[in-house]
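Engineer: Shown below is the structure under consideration.
Where a number appears in this text, it was derived from the coordinates with a stated rule and is not lab data. Note that the structure is predicted; figures quoted are calculated from it, not measured. Cβ placement follows ideal geometry from the backbone for every residue including glycine, while neighbour counts extend to all protein chains displayed.
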Amino acid sequence: MSEAAALAGREPSEKEIRLVIAASSAGTVFEWYDFFIYGTLFALIGKAFFPSDNETLQVLLVWAGFAIGFGFRPLGAIMFGFLGDKLGRKYTFLVTVTLMGIATAGVGLVPNAASIGLWAPAIVILLRILQGLALGGEYGGAAIYVAEHAPPAKRGFYTSFIQASVVGGFVLSIIVVLACRALIPSDQFAEWGWRIPFLLSVILLAISLWMRLKLSESPVFQAMKAEGEIAGNPFVESFTYPGNPKRIFVALFGVTGILTTIWYTAFFSSLSFLQRDMRLDAETVELIMLAAGTIAMTFYIFVGKWSDRVGRKKPIIIGGITMLVLMFPAFWLIGHLANPGLAEAAERNPVVVSGPQCVTDPFAELFDREQSDCGKILGALTSSGVAYALEPGNTLSLTVSGNDVTIEKDWFSSAAVMRDGLQSHLSNAGFDFSLQQPPFINLAGIVGILLVFGALSALTYGSVAALLSEMFPPRIRYSSMSIPYHIGAGYLGGFLPLISGVIVASTGNIYSGLWYTWVVVAFGLVVAWWGIPDGPPRDFTDDVS
């Protein structure tokens, strides 16, 4: 049964298609809001559930919790992909949005670690797992539902609203956080007000359910059901259907690997970089990301529509190659615009560390391992955003512009004391560790660079829902596209903040974590060039491999 034949059975009206896009997109916005609110509030999440006087470890633990949620997305894709191919698209993503809303509200109710100890991070991680399972079923359901309603000539355009909705969830999370900051005094927001954005997910859940309950089942699924074409075991068939192993490999590395690492680098790496490494005020960073994200949402729709004319492959290749060329210089420029004093001080006054066992172990405290004295100094420099050079030596020493810095014994009593002691000395050498408020022209420049990243993300992401829907046979489409998408997004993308953070903590170079994105995108481009079909978009046929 061809997809064209299925659609011919019941052609959706324009009014129905508008409702399909609106309800699917709104649900996607709400689900991603639920997932991203954790990342938007990463600093306060760390203090509440993963407290440590080692700032680097605290941030890494927060991103580990972020990654765990993503790590369970593939399992959610398998579970809900199976249900979506067996029971239908509509009811499956009603379940996913409900699970997401309940789990997100739960995070806002968990007592902090000061009250219940290790139970706090354990419960938060459990809720993140539930969120990951829900999200594993959401994207495939929403994307396929819209794609199977859309006429082939407009499939990229219509499904691009789903892609834009992912950014919409990020933007909504920032809007809610900024509104809460405006209404709640800063000390109270830090103490308890940050929980409100999580609790609001109950309201968003109710709106999403109301909208999605008004939808009917996908016409493609209805036609398959009427003709007895429902898959017996969608998970098994996804790997045994002729040509599907290659398509899954291409979807994993050549599509998802590229889009997800670019997306998280553009939006989350930049957020963490500005707030932590460049020491911009959290509210300023949120306003920057809000401006960039809101404008960037429109890029996805333009790219989706463009892909209906030029094909799905060309935008992905253009976006990936451009990212490889621009990523490092763009982040370097962001750093100079955000905190020019810190960048200039590092250039004028190079910091050199020498001594035995000069390696840093960012998880030493967590696993009760002994960190070397040199490693403690390196960790403090990294958490302060200060680049350094290592030189071999048998005696521990620290120099700034060739001048020795006296290393006090009491600095080694804790990571916080070490950090404060080093920052005090480095401040005398011109390093500025205060919260930054760059001039408007610098902030505008940062937004401009983030818009470039947003455009590159749109090029690699805007047409993906249509592309993945066209790559796989309708009877196992939900499972076949969800599994590689969520393995890629869950592991290659979801672990990006953690992996990048570990690389930075291990090297002391605040830009070194970008190499993870560069390598994944470079490999993905090779796979995409080989595996994504050339030419104009077309429906799935068995001769497309």
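Engineer: So for region 449-545, considering every pair of alpha-carbon atoms, how many percent are separated by more than 16 Å?
Structural biologist: Value for region 449-545: 68 percent of Cα pairs lie more than 16 Å apart.
Engineer: Pull the list of the chain cysteines that no other Cys approaches to under 4.7 Å, Cβ to Cβ.
Structural biologist: Here Cys180 come out as lacking a disulfide-compatible partner, given the Cβ-Cβ threshold of under 4.7 Å.
Engineer: Listing Tyr511, Tyr264 from the residue with the fewest other Cβ atoms within 10 Å to the one with the most, what is the order?
Structural biologist: Going from sparsest to densest Cβ surroundings: Tyr511, Tyr264.
Engineer: Would you calculate the volume per residue, in Å³, of the smallest convex hull containing every Cα atom of region 344-427?
Structural biologist: Cα convex hull per residue, to the nearest whole number: 87 Å³.
Engineer: A further question on this structure: Suppose every Lys and Arg Cβ carries +1 and every Asp and Glu Cβ carries -1, with no other charges. What dipole size does the chain come out with about its Cα centre, to the nearest 20 debye?
Structural biologist: The dipole magnitude comes to about 1540 debye.
Engineer: Averaging over every viewing direction, what projected area does the convex hull of the Cα atoms of the chain cover, in nm²?
Structural biologist: Its average projected convex-hull area is 24.7 nm².
Engineer: Now a separate question. With both bridge residues required to lie in region 344-427, what share of the DSSP beta bridges run antiparallel, to the nearest 5%?
Structural biologist: In region 344-427, approximately 65 percent of DSSP beta bridges are antiparallel ones.
Engineer: Indicate, rounded to the nearest 5 percent, the antiparallel portion of the DSSP beta bridges found entirely in the chain.
Structural biologist: DSSP beta bridges in the chain are roughly 60 percent antiparallel.
Engineer: When every alpha-carbon pair in region 381-515 is counted, what percent end up more than 26 Å apart?
Structural biologist: Summing the P(r) of region 381-515 above 26 Å gives 51 percent of all pairs.
Engineer: Apply the Karplus parameterisation 6.51 cos²θ - 1.76 cosθ + 1.60, with θ equal to phi minus 60°, to every residue of region 471-487 and state each ³J(HN,Hα) to the nearest whole Hz, in sequence, with x for glycine and proline.
Structural biologist: Going residue by residue, I get 6, 10, x, x, 5, 10, 5, 4, 5, 5, 8, 6, 4, x, 4, 7, 5 Hz, with x marking Gly and Pro.
Engineer: Per residue, what volume in Å³ does the convex hull of the Cα atoms of region 266-419 enclose?
Structural biologist: Taking the convex hull of the Cα positions in region 266-419, it is 163 Å³ per residue.
Engineer: Rounded to the nearest Å, what's the spacing between the alpha carbon centres of region 11-63 and region 449-524? Just the number, please.
Structural biologist: Computed from Cα coordinates, the inter-centre distance equals 16 Å.
Engineer: Which peptide among 488-496, 368-376, 168-176 comes first, and what is the full order, when sorted by highest mean count of other Cβ atoms within 10 Å?
Structural biologist: Ranked from most to least packed, the peptides come out as 488-496, 168-176, 368-376.
Engineer: Same structure again: In deg cm²/dmol, rounded to 500, what helix-only [θ] at 222 nm does the chain give when every DSSP H run of at least 4 residues adds -39500 (n - 2.57) and the total is split over its residues?
Structural biologist: Rounded to the nearest 500, the figure is -21500 deg cm²/dmol.
Engineer: Follow-up question, since we're still on this one. Treat the count of other C-beta atoms within 10 Å as a stand-in for reagent exposure and order Thr460, Thr507 from fewest to most.
Structural biologist: Result, fewest neighbours first: Thr507, Thr460.
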